[in-house]
Amino acid sequence: MTWKKLLIPLASVPVILLLAYGFRTDPKAIPSPLVQKLAPDFRLQAFDGGEVSLADLKGKPLVLNFWASWCYPACYEEAPLLEATWKRYKDQGLMMVGVDIQDKEANAREFLQRFGFTFPNAPDPGSKVSIDYGVYGVPETYFIDRQGRIAYKHVGALTPALMEAQVQSLLKGT
Amino acid sequence: MRAATNFDLEDRVREIASELRCVVCQNLSVADSPSDLAKEMRNLVREQVQQGKNREEIQAYFVSRYGEYVLLSPPKRGFNLLVWGLPFLAIAVGGGAVYLVVRRWTEQAPAKRPAIDPAYAERVQRELKDRE
């Protein structure tokens, strides 16, 4: 009758396994199904009047950043890094596009002026592009390779180390 | 006629949106959330319904963008089956255990009564007789 004594520890094994699986995953990290897939196309009217579209940027590595003027402090923290990275790498063929989501135009323009953004930025009417990219909060940044595939998605403010590593890997890619 | 069509459309949009998770909320569906993003998602659902897309196609679009996380009910396959199956399995196993325990109680009750020591029984009989 020793098997009866083993019954309780044995019954707890699946429970422990289930908990081990559950506690190892971060419930706040929502993996994007778009990573390693082709980035959805977009065509937006930029704040400066021009048009930005993914199709026009084909063959160039792209940093696509979603932001909003009400996104404080994360968007304010990473904004100088975005502009600095753009200035540093644009001559090597890097492209950068900012998409402003659910914002008031005046506030958005103030944000652009405050950080002196020189890369194209565009509002996203109806949040169509944001939903197409599976954005659920700002800031979110997509690193898109020369083939138009999403190589990496970052949620939250970018750090210089992460930006550098991702941009280098995009530029290296053929 | 026009009003009836709109009513049907809004009903359909609500039905589909109620199964989608509002990704910026805590446990709210796209149909119930007052957030801007949920409103835009409802507009998108409406647009797709008007394009003649069915519930599965619209769900597939949102899943391709946000992953299965966007569905409020996890689909019944793979690892998710645990969520759907475990409660019923637990009820079955628990019910079986209760049945076995109860059966043992009712069966073993008479058997467990201690046998009477024959010497003691004889003494009781004798003393009862003496009293008469």
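The values are calculated or read from the model by the stated rules, or taken from the named source; none is laboratory data. Bear in mind that the values here come from a model prediction, so they are computed numbers and not experimental data. For neighbour counting, all protein chains shown are included, and Cβ atoms are generated from backbone atoms with ideal geometry for every residue, glycine included. Accessible surface is based on the protein model in full, side chains and every heavy atom, while ligands, DNA and RNA are left aside. Shrake-Rupley method; radii C 1.70, N 1.55, O 1.52, S 1.80 Å.
Tabulated data
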| read-out | value |
| --- | --- |
| Average partner coverage of B:13-24, which counts Cβ from other chains inside 10 Å | 1 |
| On Cα atoms only, tilt of B:55-66 relative to the major axis of chain B in degrees | 90 degrees |
| Antiparallel %, DSSP beta bridges [both residues in the protein assembly as shown], to 5 | 65 percent |
| Placed amide H near residue A:42: partners under 5 Å, 5+ positions off or other chain | A:54, A:55 |
| Pair-distance profile P(r), taking every C-alpha pair of the protein assembly as shown, with 20 angstrom steps and integer % | 25, 40, 18, 9, 6, 3, 0 |
| Span-like helix ranges in chain A, DSSP H, alpha carbon extent 24 angstrom or more, Kyte mean at least 1.0 | A:2-24 |
| Point-charge dipole on Cβ atoms (K/R +1, D/E -1) for the protein assembly as shown, about Cα centre, debye to 20 | 1280 debye |
| Sequence of A:145, B:130 when ordered by accessible area, the most exposed leading, probe 1.4 angstrom | B:130, A:145 |
| Above-threshold pairs, the threshold being 23 Å between Cα atoms, out of A:37/A:153; A:37/A:128; A:128/B:39; A:58/A:104 | A:58/A:104 |
| Overall form of region B:43-97 per C-alpha gyration tensor (a/c, 1.5; a/b vs b/c) | prolate |
| Where A:42, A:115 fall by accessible area, highest first, once all protein chains stay in place (1.4 Å) | A:115, A:42 |
| Average projected area [Cα convex hull, chain B], square nanometres | 18.7 nm² |
| Solvent-accessible surface (1.4 angstrom probe) belonging to residue A:2, in square angstrom, nearest 10 | 100 Å² |
| Heavy-atom SASA rank of B:84, A:3 (probe 1.4 Å, accessible area, largest first) | A:3, B:84 |
| Gap separating the Cα centres of region B:44-80 and region A:127-168, nearest whole Å | 23 Å |
| Prolate/oblate/rounded call for region A:37-172, Cα gyration tensor, a/c under 1.5 rounded | rounded |
| Region A:2-51 pair-distance distribution - Cα-Cα, 10 Å bins, rounded % | 17, 19, 20, 15, 12, 8, 5, 3 |
